Amino acid sequence: MKQIIFIFMSLLCFSCSSKAQNQTADANVRSDKKILVAYFSCTGTTEKVADVIVKTVGGKLYKITPATAYTSADLDWNNKSSRSSIEMTTENSRPELGGDVLDLKDYDVVFLGYPIWWNLCPRPVNTFLEKYDFSGKTVIPFATSGGSSIANSVKQLKKLYPKIVWGESQLLNGSGKEAGEWARQVIR
């Protein structure tokens, strides 16, 4: 009887250590898909999430950069005359972009990150989506917000860009761990 218990315990220990090794190996998922993590961030909040995603699933990190950077006065949503307020209340506003030019043919999946402004994605994100050809790509939105959900922004994106294949979106206000877990799940 002692031998049977010993064998059973040995198998149980082996099974547990094997499972622990697999969990460690799966901690960072590297996909065979070519991934771009493109994000717009003025305060660094969305940038931190984008960084976690690229560290988790691999790929290239790309900052969507306006030709003219936003100042704190530009971002004052309480001021109806601020740059962001004017852009967000003007539906066809498309601020000019600066930064590096992309060749999207190098990517299969584009994680698209942005803060929620006025319950939508900021207008520079619209400029980005209209500047490049997303044919054959899957675009996976993620956002950060102080109080809004991602739902309305994604609904608007799908309405404005119906030809884009949209992946599962996520609001990522929590920890980096949450962002990494979500990215691993959505890229599989």
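The values are calculated or read from the model by the stated rules, or taken from the named source; none is laboratory data. From a predicted model like this one, the values you see are computed outputs, not experimental measurements. Cβ placement follows ideal geometry from the backbone for every residue including glycine, while neighbour counts extend to all protein chains displayed. To get the accessible areas, we keep the full protein, side chains included, count just its heavy atoms, and leave off ligands, DNA and RNA. Shrake-Rupley method; radii C 1.70, N 1.55, O 1.52, S 1.80 Å.
The rows are residues; the columns are (1) acidic (Asp, Glu); (2) open to solvent by 40 Å² or more (accessible area, probe 1.4 Å); (3) in contact with a Gly (Cβ under 7 Å, 6 or more places away or on another chain).
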residue: ILE140; (1), (2), (3): no, no, yes
residue: ALA151; (1), (2), (3): no, yes, no
residue: LEU160; (1), (2), (3): no, yes, no
residue: ILE164; (1), (2), (3): no, no, no
residue: GLY180; (1), (2), (3): no, no, no
residue: ALA183; (1), (2), (3): no, no, no
residue: ILE187; (1), (2), (3): no, no, no
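Taking every residue in the range 121-134 that is more than 20 Å from ASP108 (Cβ to Cβ) and pairing it with any residue that is open to solvent by 10 Å² or more (accessible area, probe 1.4 Å) and aliphatic (A, V, I, L, M), at least 6 positions away or on another chain, the pairs with Cβ-Cβ distances below 6 Å are THR127/LEU97. For first residues located in the range 73-94 and loosely packed, with under 13 Cβ neighbours inside 10 Å, partners that are part of a loop (DSSP other than H, G, I, E, B) and of a type in the set (Gly, Ala, Ser) and lie 6+ apart or on another chain with Cβ distances below 8 Å form the pairs ALA73/SER82. When the test is whether a residue is at pLDDT 95 or above, out of contact with any Pro (no Cβ under 8 Å at 6 or more places or on another chain) and of a type outside the set (Val, Ile, Thr), ASP26 does not pass it. Within the range 91-103, the set of residues being within 16 Å of THR68 (Cβ to Cβ) and modelled with pLDDT of 95 or more comprises SER93, ARG94, PRO95, GLU96, LEU97, GLY98. The set of residues from the range 113-131 being closer than 15 Å to LEU75 by Cα, not in a loop (DSSP other than H, G, I, E, B) and not aromatic (Phe, Trp, Tyr) comprises PRO115, LEU120, ARG123, PRO124.
Among the residues of the range 95-108, those that are within 23 Å of ILE35 (Cβ to Cβ), open to solvent by 50 Å² or more (accessible area, probe 1.4 Å) and either among the charged types (D, E, K, R) or not in a loop (DSSP other than H, G, I, E, B) (or both) comprise ASP100, ASP103, LYS105, ASP106, ASP108.
Among the residues that make up the range 104-117, is at least one of them among the small types (Gly, Ala, Ser), over 15 Å from TYR161 (Cβ atoms) and either modelled with pLDDT under 95 or touching a Lys or Arg at 6+ places or on another chain (Cβ under 9 Å) (or both)? No, every residue in the range 104-117 fails to be among the small types (Gly, Ala, Ser), over 15 Å from TYR161 (Cβ atoms) and either modelled with pLDDT under 95 or touching a Lys or Arg at 6+ places or on another chain (Cβ under 9 Å) (or both).
Applying the set (1) in contact with a strand residue (DSSP E or B) (Cβ under 8 Å, 6 or more places away or on another chain); (2) polar (S, T, N, Q); (3) under 22 Å from ILE53 (Cβ atoms); (4) part of a helix (DSSP H, G or I) to GLN185 leaves exactly one unmet item: (1). Residues in the range 44-57 include none that are assigned to a loop (DSSP other than H, G, I, E, B) and either in contact (Cβ under 8 Å) with a residue 60 or more places away in the chain or open to solvent by 20 Å² or more (accessible area, probe 1.4 Å) (or both).
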